[in-house]
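Please read the structure below before turning to the comments.
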Amino acid sequence: MRSTQASALLLSILMVAGLPTNAQTSPAAPSKPPISLDEFMNATDILGARISPDGKAVVISAAASDWQHNRFTEDLWLWKKKNGVATPLTHAGHDSSPQWSPDGRMIAFLSDRPLPTEPPSDDDSKEGTTRVWLIPIDGGEAVPLYRDKLDAHAFAWSSDGASVVFSVTQALSKAADDAQKEEWKDVIRWREQERGDVLLSFPVAAAIHNSAKISPPHQDPKPTADKPAYPEDATVLTTSSLQIKEIAPSPDGQQIAFETGPVSLRLENPSASELFLVAAKGGDAHQLTHNQGLESDIHWMPSGNNLILLVRAAAGSIEGPYQDVQGRIYSLDTSTGNFIRLGAAFHGSWEGAAVTSDGTILAAGLTGIDQHVYRIDGDKATVVSNAPGNNNFLDAARHSSELLFTHSTITDPTQVFVADSLPSVNDAKAVTTFNPIFHERAQVAWKPYRWKSNDGTEVEGVLIYPPGKLNEKHLPMLTLIHGGPADADGNRFEADWYDWATLAATNGWLVFRPNYRGSSGYGDDFMLAIHPHLVSAPGHDILSGVDALVHDGIADPDHLTIGGYSYGGYMTNWLITQTHRFKAAVTGAGAVEHAANWGNDDLTWDDAWYLSGTPWEKPELYQSEAALFQLNKVTTPTHIVGGNADNRVSYFEQVLLERALERLNVPHELLVFPGENHPLDKNPWHGYIKVREELKWLARYGRN
């Protein structure tokens, strides 16, 4: 378990293999040992991948656990077609979000690594300044684009590659900064001190020249009395009252599109998330969109007249009032602001998009338990990859026919694949072999499961069996509920603190993954059926699924357990108030009431939509849909976890649940992870301990 990132990641070498043709795994050979907790939690996670403009190379962003230093590391890997091997490109452990230069000679990325003239920090948990860095792919050290202590929020190469455009928080002049400190001392003004972003352009040649200078240790430039201090060679293109979170220069180099978001990082109104257009030379930005959808994944068509954009699942709607529908793709005319919905006939959820060099629009589409690659033509969508499993991270070479995507199944770890062209997608070869240990251990078996809910609606889920026990009866069962709720459990690989279903199965549990109403991939009506009964409506689906499994003789009614994190924690907290059938529960970061959680949640607008209003507008729903007012019914021993810096579901929701169970004399335990936000991404030991203790809790109370 204490192996370093290097020893774990150096297992990644070229895999000359095609896409799997059969997603369902047969019982493993008895000779293979089960995967251990240490091995499972040591998995490397692919965060993204980008293909070079000529299609001959790929840069991969991967995260791993650094157990010795109590942190996660992120590094870049480079695969080149000429040698066919993926090798580490960076080693700092702080590098992410890579983008190719238009000529394919350099890669820009984000990193909070220290400058060469800065001493390394003694505190591994302390984050540095997140700057844009540049690295040549044919050898040489990474150099910072700029040296000032300005955190980059987003960046993109200019169309000619001569500069990098990036956004940072608007800086204060010295006079304004001094006046603020004098008047307010250390007092935080909750909204008034928030500032929007500035869009800057920095010449690449200047960055390389500045890094080549032999100079004394860096000192930040002093702001003048009346002028904010930005990097000396930078050009201010425009300012925004909002944060700039995505940037896309046009192919002809004349314009720059950018997407905004709230400066507070709290979704209090979807009007903060809009598309803007500014001249590449700078000036006032023009607002392109006025809607209640949260746009993302901006791509220019090769003609330069239209933008292709994605509104992800549960991210509002461009067509009308805010509602959590499935992911949708649009084409936006930048001259008129008019948009057309693409792939509207597709029944599932669009989860990603890419545009090829000839203008073909590709998208990753989720239907049921599989996510494939589709070609979009108007409102129609045609599948182009037919291998069972999950495809993601689509990217297309700018000047050639090559395509990139990732693929995984429940039992096949995620790998990066490259296809020579669109017609050859199904012949694509993997260029990575991360996490080979999972193929060296006994494989779980799995199959889809469908049942009728209490109102006759068909619901689907996945059953994951212990190795060698496919189709066995009367098994102890863990119902593990996905978060979101706009998500779906299916045929994809997961191995971390959040999704540990296969590890639970390896430990002898039949794991039931229900895609209850509110899940994506089953149509808008199915997804919208959760509104406004946020937990009771999906609760019926989950309990009816458990009943069906018991009725079919698959699950042992005397050994039923339940668990989940985030919205899965919400549902767990609710369901243990509705039934005594579960012998043990494991819940994390789940609210037990909705009024205070509405006030604390960074997705407060979305919370209010789900319950059809604010707490004072819909008090009856806020109470009837809350576990808090029915906790006196709970008898299930419950294990609770949460991060004490969570801005999605307040840590005090976990404290509230713990206090209630203490008062009711229900066996329980609360683990608090210091410094962790909603995703447990600060210290890998927190996730490790979470899963270790949850497995112990299930064994202790669920099998007696």
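Under a point spin-label approximation (7 Å from Cα along Cα-to-Cβ), what is the Arg189-Asp284 distance to one decimal in nm?
2.6
What FRET efficiency comes out for Ser624 versus Asp681 if R0 is 35 angstrom and r is the Cβ-Cβ distance? Round to the nearest 0.05.
So the FRET efficiency works out to roughly 0.55.
Considering only protein heavy atoms and a 1.4 Å probe, what is the carbon-and-sulfur percentage of the accessible area of the chain? Don't skip to the answer; put the middle values down first.
Numbers: 14460 of 28640 Å².
C and S fraction of accessible area: 50 percent.
First select every other residue whose beta carbon is under 14 angstrom from the beta carbon of Val672; then total the charges, Lys and Arg +1, Asp and Glu -1.
-3
How much net charge surrounds Gly352 when only other residues with a Cβ under 10 Å from its Cβ are counted (Lys, Arg +1; Asp, Glu -1)? Each step should come with its number before you reach the end.
Working: positive: Arg312; negative: Asp297, Glu351, Asp395.
Computed value for this residue: -2.
Contour minus end-to-end for His399 and Asn70, with contour as 0.36 nm per residue of separation and end-to-end as the Cα-Cα distance?
114.2 nm
Report the net charge of residues surrounding Leu394, where surrounding means a beta-carbon distance below 13 angstrom and charges are Lys +1, Arg +1, Asp -1, Glu -1.
-2
Measure out, as a whole number of angstrom, how far apart the alpha-carbon centroids of segment 274-324 and segment 473-492 sit.
34
What does the charge dipole of segment 380-489 about its Cα centre add up to, to the nearest 20 debye, if the Cβ of each Lys and Arg holds +1 and the Cβ of each Asp and Glu holds -1?
Numbers: 9 positive and 12 negative charges, 49 e Å.
Dipole of segment 380-489, to the nearest 20 debye: 240 debye.
Given a Förster distance of 41 angstrom, what is the FRET efficiency for Lys149 paired with Asn83, based on the Cβ-Cβ distance and rounded to 0.05?
0.60
To the nearest 20 Debye, how big is the dipole of the chain about its Cα centre, given +1 on the beta carbon of each Lys and Arg and -1 on that of each Asp and Glu?
Here the chain has a charge dipole of around 1360 debye.
At 1.4 Å probe size, put Tyr146, Tyr701 in order of accessible surface, largest to smallest. Show your work: numbers first, answer last.
Working: Tyr146 5, Tyr701 40 Å².
Heavy-atom accessible area, descending, gives Tyr701, Tyr146.
Which length gain, in nm to one decimal place, applies between Ser357 and Ser36 when the Cα-Cα distance is subtracted from 0.36 nm times their residue separation? Numbers along the way, then the final one.
Values: separation 321, 0.36 × 321 = 115.56 nm, distance 4.48 nm.
Taking Ser357 through Ser36 to full extension adds about 111.1 nm, to one decimal.
Given a 1.4 Å probe, how much area per residue of segment 257-325 is accessible, in Å²? Spell out each step's value before the answer.
Working: 2460 Å² over 69 residues.
Per residue, segment 257-325 has 36 Å² of solvent-accessible surface.
At 0.36 nm per residue, minus the direct Cα-Cα distance, what do Asp525 and Ser264 gain on full extension? Give it in nm, one decimal, please.
90.7 nm
Which distance in nm do the two modelled labels at Leu47 and Ser271 give, with both placed 7 Å along the Cα-to-Cβ direction?
Label at Leu47, label at Ser271, 3.5 nm between them.
Given a 1.4 Å probe and the protein chains all in place, what does the accessible area of Tyr622 round to, in Å² to the nearest 10?
10
Give the residue from Gln654, Ser111, Ile137 lying farthest towards the positive end of the charge dipole for the chain; charges sit on Cβ (+1 for Lys and Arg, -1 for Asp and Glu) and the dipole is referred to the Cα centre.
The listed residue farthest towards the positive side: Ile137.
Restricting to DSSP loop positions (anything but H, G, I, E, B) with no more than 13 other Cβ atoms inside 10 Å of their own Cβ, which trypsin sites (Lys or Arg not before Pro) remain in segment 566-647?
none
Using a 7 Å offset from the Cα along the Cα-to-Cβ direction at both Arg105 and His209, what is the distance between the two label points in nm, to one decimal?
Placing both labels 7 Å along Cα→Cβ, they lie 1.6 nm apart.
Under a point-charge model restricted to the Cβ atoms of Lys and Arg (+1) and Asp and Glu (-1), what is the dipole moment magnitude of segment 535-679 relative to its Cα centre, in debye to the nearest 20?
Result for segment 535-679 is approximately 340 debye, rounded to the nearest 20.
The values are calculated or read from the model by the stated rules, or taken from the named source; none is laboratory data. If you're wondering where the values come from, they're calculated on a predicted model, not measured in any experiment. For neighbour counting, all protein chains shown are included, and Cβ atoms are generated from backbone atoms with ideal geometry for every residue, glycine included. All accessible areas refer to the heavy atoms of the entire protein, side chains included, with ligands and DNA or RNA removed. Shrake-Rupley method; radii C 1.70, N 1.55, O 1.52, S 1.80 Å.
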